[in-house]
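Working notes, beginning with the structure itself.
The values are calculated or read from the model by the stated rules, or taken from the named source; none is laboratory data. Quantities reported herein were computed from a predicted structural model and do not represent experimental measurements. Every residue, glycine as well, gets a Cβ built from its backbone with ideal geometry; the counts of neighbours run over all protein chains shown.
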């Protein structure tokens with residue numbers, strides 16, 4: 001009886017990207033779970049750190065994320081003491097968003113976790129190959145019209161604006 005051949009890895013880029021992306025998302029979520037966090041918290045903390053002083057509406061537009069998703073994430077971060085809303089000094093009806101000192105400290109820790117996670121993912125590649133891979137993936141993402149740094153599951157879908165009011 002002939003031995004069964006080992007299954008071959010897929011040669012389809014799309015499948016491999018989804019397979020790796022799903023695997024890494026799960027692994028990163030596992031790393032954040034002991035902290036009571038999810039990868040979306042890391043993403044929002046990172047964006048807030050780079051864009052402090054923006055309104056929720058401006059952040060929603062800049063990220064291409066539906067405003068209700070931004071409100072929910074900011075509410076959660078504020079409840080945890082990681083972010084705060086401040087009255088806009090120019091428009092008293094609006095609020096601007098800032099990280100708290102606790103939020104900055106946690107973000108630094110999360111960046112170390114993310115770096116370890118990425119190192120684990122790319123361990124099979126040389127430094128040069130890592131750089132090339134990231135550059136190629138950035139070009140592909142740009143060619144697909146993706147918003148830099150925004151997970152596609154957070155982007156608005158058709159009909160979201162009507163449903164939100």
Hey, residue 104 touching a helix residue (DSSP H, G or I) at 6+ places or on another chain (Cβ under 9 Å), over 26 Å from residue 33 (Cα atoms), at pLDDT 95 or above and part of a helix (DSSP H, G or I) or not: no
Test for residue 63: is it crowded, with 16+ Cβ neighbours inside 10 Å, in contact (Cβ under 8 Å) with a residue 60 or more places away in the chain, in contact with a strand residue (DSSP E or B) (Cβ under 9 Å, 6 or more places away or on another chain) and under 27 Å from residue 115 (Cβ atoms): no
Single residue of 84, 52 found to be assigned to a loop (DSSP other than H, G, I, E, B) and surrounded by fewer than 18 Cβ atoms within 10 Å (Cβ to Cβ): 52
Criterion (free of Cβ contacts under 8 Å to residues at least 24 places away in the same chain, more than 30 Å from residue 23 (Cβ to Cβ) and in contact with a helix residue (DSSP H, G or I) (Cβ under 8 Å, 6 or more places away or on another chain)) met by exactly one of 71, 90: 71
Filtered residue count, the stretch 66-81, keeping only those that are in contact with a strand residue (DSSP E or B) (Cβ under 7 Å, 6 or more places away or on another chain) and either more than 25 Å from residue 146 (Cβ to Cβ) or outside any helix (DSSP H, G or I) (or both): 1
Filter result (surrounded by fewer than 14 Cβ atoms within 10 Å (Cβ to Cβ) and part of a helix (DSSP H, G or I)) within the stretch 112-126: 112, 115, 116, 119, 120
Test: residue in the stretch 114-128 that is in contact (Cβ under 8 Å) with a residue 24 or more places away in the chain and farther than 28 Å from residue 18 by Cα: no
Any hit, the stretch 31-43, residues being within 17 Å of the chain's Cα centre (by Cα), free of Cβ contacts under 8 Å to residues at least 24 places away in the same chain and under 21 Å from residue 147 (Cβ atoms): yes
Flag for residue 70 being closer than 16 Å to residue 97 by Cα, surrounded by 11 or more Cβ atoms within 10 Å (Cβ to Cβ) and at pLDDT below 90: yes
